[in-house]
Amino acid sequence: NLAVTGKSYFQDNIGIGTTDTTSYKLNVLGNTTLGGNVLITGLINQNNSSQSNIFLGKVGIGGTDFTSNLAVTGTSYLNGNVGIGTTDTTTYKLNVGGSINSTSLNIAGNSLDSILLPYTTSNVCKNLILYDTPNVLKKFGFNGICSTQIQLPDTNYYYKYDIDLRNYTKLKTSAAGTQYRIFNITIFASTAYFEAFSTIPNILEYKVFMSNPTTTGGGPNENDGINVCALGRPQNYNLNAILTTNISLLRTTDFNYLSVTSTTNGTSINVIIEDLLF
C-alpha cells in the first residue's frame, strides 16, 4: 500500500494498526520487531499491569556492563520481597536459597562479628536470649558504677548498682508453675585489684539459682517467696550478707534484679553473666 525508498519524514503523528493518532508520535497496535538498536532518551511506560516484560539477552541498568543477565550500576531499591536462588518471596524481605559470602554483615545496625563474640555488650545481644538459640554462647560482659546510696540494716551506708537480669538471663517456668533462672556471674572492680587485705578474695563468682514460687508451703525446710542459692566464692549462699571486701552481691525484693554494693561511691565494676538456660 505504501512503499518508500530513501529518506522520509512525517510532520504529524503516525498510527500503525490503529487510526488513533491523537496522543503519540508513533502508535503501534500489534506486535513489533526491531532488528537493530533502539535509543530512547525519554521514559518507557508500560501501562498494562497484566503484561510482563521478557528479555532473552543481558540487561544493563545505569551502565554498559552486559556481562551478567542483569547488571545494575548505581543506587537501587526494591519495595517488595526478594528471592535469590528461590522463588519463595512470601515471608522474608530477603530469602536466599544457598550460601552467602560477605565481607561484612550488619543486623539492626550492629556488626555480626560483634554479635557472635563470646563477650559482647548487652545492648547488642540481649534480644538473643528471648529465643531458643542453643548454638549461641549467651555470655555477656558489661560495666557498671556503684553510685546509688542506700542504708542497710547494719546502719551503714553503701552504694549500689542494680543488674536487670531480664536483659541477660532467660526466664523458665517449671511444671509446677514456678519461674526460675540459672546463670553464672563474675564481678570484679575495674581497677583490677584482685587481692584484698583479708582472707576473702576481691572477686565475686557464683552459680546462681533463683526461683519465684507462685505457691507457698514447700517442704519443711524450704523458704517461701523469692528463693536464691548462690554457689561459689566468697561464700554467700543466699546473697544476703555484706562481705569484708569492697564489693558484695545482694538479693533484692524484686525477682528481676540483683544489686552490687560497694563501700565506696563511684566504684566501677566489670560484670560477666553466662545464661545457663536454653
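Looking at this model, which pairs from Lys170/Lys207; Lys139/Lys170; Lys139/Lys172; Lys160/Lys207; Lys93/Lys170; Lys7/Lys58 are more than 23 angstrom apart at the alpha-carbon? Could you put the intermediate results ahead of the total?
Numbers: Lys170/Lys207 15 Å; Lys139/Lys170 12 Å; Lys139/Lys172 18 Å; Lys160/Lys207 21 Å; Lys93/Lys170 29 Å; Lys7/Lys58 32 Å.
Pairs exceeding the cut-off: Lys93/Lys170; Lys7/Lys58.
Subtract the Cα-Cα distance of Thr191 and Ile226 from 0.36 nm times their separation in residues, and report this length gain in nm to one decimal.
Numbers: separation 35, 0.36 × 35 = 12.60 nm, distance 3.29 nm.
That pair, Thr191 and Ile226, stretches by 9.3 nm at full extension.
Among rounded, prolate and oblate, which fits segment 223-264 when a ≥ b ≥ c are the square roots of the eigenvalues of its C-alpha gyration tensor, a/c under 1.5 means rounded, and a/b larger than b/c means prolate? Numbers along the way, then the final one.
Numbers: a/c = 2.62, a/b = 1.47, b/c = 1.78.
Oblate.
Between Asn53 and Val4, with labels modelled 7 Å along Cα→Cβ, what's the label distance in nm to one decimal, could you check?
In this crude label model, Asn53 to Val4 measures out at 2.8 nm.
Treat the count of other C-beta atoms within 10 Å as a stand-in for reagent exposure and order Val228, Val72, Val38 from fewest to most. Don't jump to the answer; show the numbers that get you there.
Values: Val228 21, Val72 13, Val38 5.
Going from least to most buried by this count: Val38, Val72, Val228.
From a point 7 Å beyond the Cα of Thr87 in the direction of its Cβ, which residues of segment 48-70 have a backbone N at a distance under 17 Å?
So the set is 52-55.
If each residue of separation counts as 0.36 nm, what is the full-extension length gain between Val38 and Tyr237 once their alpha-carbon separation is subtracted? Each step should come with its number before you reach the end.
Details: separation 199, 0.36 × 199 = 71.64 nm, distance 8.28 nm.
Going from the current span to full extension adds 63.4 nm.
Computed from the coordinates by the stated procedures, all read-outs in this text should not be read as laboratory data. Values in this document were obtained by computation on a predicted structure and should not be read as measured data. Positions of Cβ are generated from backbone atoms using ideal geometry, with glycine treated the same way; all protein chains shown enter the neighbour counts.
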